[in-house]
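Novice: Quick one: the structure is below, and I'll ask about it shortly.
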Amino acid sequence: MTEWLNAHFGADAATYLSLLVGVLALFGIGGGVTYRIRQQNNIKQKAKKTEGDVNQAGRDINQTTNVYHTSNESAEDPVKKKQDEHDLKIIDQILELLPYEDTTQWVEQSYLSGIRQDVCLNIEKAEKFSGEKYRLFNTEVNGAKDAFLDAMTAYVDSTLPFMSVDYPNRKPVMLSLPHDWKSKSVESEANFRFHQQNVRETSGVMIARYEDFVRTFKAHGFISDKL
């Protein structure tokens with residue numbers, strides 16, 4: 001080929017042809033190299049994505065396993081189970097002695113119309129739950145219980161100088177307000193208003209503490225059939 005070109009077109013044409021062939025070969029190789037690099041990059045990207053997906057899946061599995069392990073561990077802990085049973089028993093006893101709706105309704109309106117004597121007596125009896133024998137293992141629920149008991153004591157104390165039984169033979173026996181104080185003198189009426197406001201405030205605090213006690217033990221998974 002080169003001899004034929006040299007014979008018909010001279011050395012320059014042959015040189016140019018050789019140069020052209022070299023350039024084409026170079027571009028062909030370069031294209032192949034570029035394609036292989038791009039292909040390798042795609043493989044690497046796919047590998048990274050796959051690795052990322054696997055890692056994410058691994059994290060998801062670990063998270064699921066951890067949650068399951070934690071709840072399973074709590075459920076299978078015999079000591080924790082006994083502690084929860086002890087706490088729930090005391091919670092049930094409080095709710096049984098002081099039924100939520102009945103107690104809160106009577107306490108709420110007591111500063112206006114008095115309170116049933118048996119409800120007030122049950123509130124006094126509930127003070128026993130502040131003793132060491134009735135301490136709960138769950139510290140948050142125990143704190144809410146003690147705050148509730150403190151509020152009950154304050155409420156009972158506010159009723160003592162203010163309410164009394166006017167009609168012991170009438171059922172249910174009521175602790176009534178001394179409405180006659182209002183007509184005796186200005187000083188006597190002021191005394192009535194003072195004690196009435198005191199009962200109103202302590203009753204509001206007691207109800208709020210009862211609600212908080214219920215919210216707290218529910219939040220910790222205690223379910224009582226007394227509520």
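Novice: Residue check: is Glu211 of a type in the set (Asp, Glu) and within 22 Å of Thr103 (Cα to Cα)?
Specialist: The answer is yes for Glu211.
Novice: What helices (runs of 4 or more DSSP H) completely inside the range 114-227 contain at least 3 residues that are of a type in the set (Ser, Thr, Tyr) and buried (at least 16 other Cβ atoms within 10 Å of the Cβ)?
Specialist: Correct list: 139-159, 186-219.
Novice: In addition: Name the residue that is farthest from Pro172 (Cα to Cα), counting only residues in the range 88-111 that are without any contact (Cβ under 8 Å) to a residue 12 or more places away in the chain and assigned to a helix (DSSP H, G or I).
Specialist: Residue satisfying both the conditions and the ranking: Lys89.
Novice: Check the range 194-205 and report whether any residue there is touching a helix residue (DSSP H, G or I) at 6+ places or on another chain (Cβ under 7 Å) and closer than 18 Å to Phe129 by Cβ.
Specialist: Taking every residue of the range 194-205 in turn, at least one turns out to be touching a helix residue (DSSP H, G or I) at 6+ places or on another chain (Cβ under 7 Å) and closer than 18 Å to Phe129 by Cβ.
Readers should treat all values here as calculations from the given coordinates under stated rules, not as data from a laboratory. All figures in this text were calculated on a predicted structure; none of them were measured in a lab. As a convention, Cβ positions derive from the backbone with ideal geometry for all residues, glycine included, and neighbour counts pool all protein chains shown.
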